[in-house]
Amino acid sequence: MELVELGELTDRQWSELAAGERHPWGGEAEELTWRDKDRLLGLQAAGGRLAAVAGTVPIDVVVDGSETFAVVGLGGVFVTPSERGGGLVGRLVEPLLQQASCDAGVERAMLFCRAQLTGLYAKLAFSEIQMPVWAEQPGGRRIEMPMRAMWRPLRDGATWPAGRVEILGLPF
């Protein structure tokens, strides 16, 4: 598999990746509006077909009304059903976070995932955020995110502050 930089994911590429899966994001995520990613990487099989994608976007976060800090938002992580379990998530996440960390100089990465994926992300050094995480949705609505939120240090000594988390903008 070859790591490829993508501009935007085309409808055709997404259709091939989803492979007919009815609720590819687990159901709850399909109902939310998500922030577009600034950088999108894919893993491409020999025939040119995408097997996996993931993206990042810088985002500001506030914890318990303290000072705002930036995180690398990791999102849109998806592996086509026939390739799941083969380590493709790590092959995408590591280069994405390494590049984002260098470019943005941020100390932390953050993601949202379904409960059954927390173990996968824990293997990639992510820890679950125990407090509620709130984000914006269209029309000025703020919602408590229904998915698990996790974070990972990108620099030695980085920690996650305790308290309610506010994403400034749409989730990623």
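The values are calculated or read from the model by the stated rules, or taken from the named source; none is laboratory data. The shown structure was predicted, so the numbers you read here are calculated from the model rather than taken from an experiment. Note: ideal-geometry Cβ built from the backbone for every residue, glycine included; neighbour counts use all protein chains shown. Remember, those area values only see protein heavy atoms, side chains included, never the ligands or the DNA or RNA. Shrake-Rupley method; radii C 1.70, N 1.55, O 1.52, S 1.80 Å.
A few points about this structure:
- For the stretch 75-143: accessible area per residue (Å², 1.4 Å): 50 Å²
- 18 Å tail of the calculated P(r), the stretch 1-62, as % of Cα pairs: 44 percent
- Largest to smallest principal axis extent of the C-alpha atoms in the stretch 1-118, angstrom: 47, 31, 24
- Residue of 27, 157, 87 that the Gaussian network model of the chain assigns the largest fluctuation, springs spanning Cα pairs under 10 Å: 157
- Compactness of the stretch 86-172 as Cα Rg over 2.2 N^0.38 Å, two decimals: 1.13
- Solvent-accessible area, 1.4 Å probe, carbon plus sulfur percent, for the chain: 47 percent
- Helix axis angle, 88-104 relative to the chain longest principal axis, alpha carbon, degrees: 50 degrees
- Cut-off of 10 Å, at most 16 other beta carbons, DSSP loop: longest stretch of the chain lacking such GluC sites (Glu not before Pro): 68-172
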